[in-house]
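Reviewing the structure listed below.
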Amino acid sequence: GESVGLHLPTLSVQEGDNSIINCAYSNSASDYFIWYKQESGKGPQFIIDIRSNMDKRQGQRVTVLLNKTVKHLSLQIAATQPGDSAVYFCAENIGGGKSTFGDGTTLTVKP
Amino acid sequence: GAVVSQHPSRVICKSGTSVKIECRSLDFQATTMFWYRQFPKKSLMLMATSNEGSKATYEQGVEKDKFLINHASLTLSTLTVTSAHPEDSSFYICSALSRAAVNTDTQYFGPGTRLTVL
């Protein structure tokens, strides 16, 4: 059967390894999803987005996967670097530009 | 492009005083801005939606008389925390939707304002 990634509040990886951060969303009608990175004491920074008519989108070192069947979103970071250490939030657009944020995952990259 | 600023970045005030936080879109016009609140190690909670020239729309449980929002121009929204109390201490973050952007769903976030009420 298909496995659904668990949302973990923390993730620790070795520098150079790939990271996978998971997120479950709640509204099956949501049509736009965004991943944000937030460093300590700063506002969220846009990483990558995806619309519901796609199931994969790639950026520079990052890939977002969308599984609408199980309402699951993941962010893959290739060759993770110390500068990637931060809290990562997924957000689903609920209309009118408004977004609902997930709980966040703290990524720690060990040198 | 798409830079949003907030002022002040941090503020400490006495209980009972009011504090105003400004959110500005520096290089684009924003018809809609959002105000969020974030507690330590928690996610962002949407407080209200601010539309230029009209009253703000508040989320359930957010006191509109406590958190006054004004969006007087296409580049400025303000949040005033009235009669602040220690439980209002938090990290307040604004975001803006670009009026001209093709993708009008993308929010651009400010750097946040740390409010501490003594």
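The values are calculated or read from the model by the stated rules, or taken from the named source; none is laboratory data. Keep in mind that this is a model prediction, so the values were computed, not measured. No Cβ is skipped: glycine too gets one built from the backbone with ideal geometry, and neighbour counts run over all protein chains shown. The area values use the complete protein model at the heavy-atom level, side chains included, leaving out ligands, DNA and RNA. Shrake-Rupley method; radii C 1.70, N 1.55, O 1.52, S 1.80 Å.
A few notes on this one:
- Here's how it looks for A:Ala86: its modeled amide H is under 5 Å from those of A:Leu107, which are all 5 or more places away or on a different chain.
- The phi torsions of the stretch A:64-74, fed into the Karplus equation with coefficients 6.51, -1.76 and 1.60 and a -60° offset, translate into couplings of 10, 10, 10, 10, 6, 4, 10, 6, 10, 10, 9 Hz, rounded to whole numbers, with Gly and Pro shown as x.
- Partnerless cysteines, meaning none of the other Cys C-beta atoms lie under 4.7 Å away, in the protein assembly as shown: B:Cys13
- Long-range HN-HN contacts of B:Gln29 with modeled amide H, under 5 Å: B:Arg99, B:Ala100
- For the set A:Ile94, B:Ile12, A:Ile34, solvent exposure ranked by accessible area (probe 1.4 Å, protein chains only) runs largest to smallest as B:Ile12, A:Ile94, A:Ile34.
- Ordered by solvent-accessible area of protein heavy atoms (1.4 Å probe), largest first, the residues A:Glu92, A:Glu15 come out as A:Glu15, A:Glu92.
- Only protein heavy atoms count here; on that basis, with a 1.4 Å probe, B:Asp65 has an accessible area of about 120 Å².
- Across the stretch A:24-32, rounded Karplus estimates of 3J(HN,Hα) from the backbone phi angles (6.51 cos²θ - 1.76 cosθ + 1.60, θ = phi - 60°) give 10, 10, 10, 9, 5, 8, 4, 10, 8 Hz, Gly and Pro being marked x.
- Candidate lysines - alpha carbon under 20 Å from A:Lys68, same-chain residues fewer than 8 apart omitted: A:Lys56, A:Lys98
- The residue list A:Asn22, A:Tyr88, B:Leu115 was ranked by how far each Cα lies along the charge dipole of the protein assembly as shown toward its positive end, using unit charges on Cβ atoms, and B:Leu115 comes out on top.
- Put simply, the protein assembly as shown fits an ellipsoid with semi-axes of 31, 20, 16 Å; these come from the alpha carbon gyration tensor as the roots of five times its eigenvalues, largest first.
- GNM result for chain B, Cα springs below 10 Å: residue of B:Gly16, B:Gly53, B:Gly61 fluctuating most strongly: B:Gly61
- Beta bridge orientation in the protein assembly as shown: antiparallel %, DSSP, nearest 5: 90 percent
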